[in-house]
């Protein structure tokens with residue numbers, strides 16, 4: 001077992017550790033099916049600070065869930081999108097949405 005696997009108790013723990021926090025799931029949800037620029041993403045996640053968004057995006061990029069595309073132009077333009085690995089979360093988010101609706105409206 002490699003070092004990364006040893007830090008998790010089981011696959012569910014690994015998923016929770018990668019997605020934990022107040023913002024990551026919402027950021028990933030907003031990126032479903034589209035690319036977004038930093039400012040657009042910040043406006044779409046109410047209450048997140050610029051510093052926190054930068055930190056969360058970096059962590060998601062390290063886990064290979066999102067891709068940062070730097071356009072070679074001025075002014076600097078950056079877009080974020082889901083990687084193939086990140087797109088695998090869609091069925092999970094769809095189920096979470098359905099559960100959330102059922103819980104919210106009961």
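Just to check your reading of the model, which residue among 65, 60, 53, 89 is surrounded by 15 or more Cβ atoms within 10 Å (Cβ to Cβ), under 16 Å from residue 23 (Cα atoms), touching a residue at least 60 places away in the same chain (Cβ under 8 Å) and touching a helix residue (DSSP H, G or I) at 6+ places or on another chain (Cβ under 8 Å)?
Matching residue, one of 65, 60, 53, 89: 89.
For segment 20-33, indicate whether the set of residues that are surrounded by 13 or more Cβ atoms within 10 Å (Cβ to Cβ), within 15 Å of the chain's Cα centre (by Cα), at pLDDT below 95 and at positive phi is non-empty.
There is at least one residue in segment 20-33 that is surrounded by 13 or more Cβ atoms within 10 Å (Cβ to Cβ), within 15 Å of the chain's Cα centre (by Cα), at pLDDT below 95 and at positive phi.
The values are calculated or read from the model by the stated rules, or taken from the named source; none is laboratory data. Just so it is clear, the model here is predicted, and its values are computed rather than measured. Note: ideal-geometry Cβ built from the backbone for every residue, glycine included; neighbour counts use all protein chains shown.
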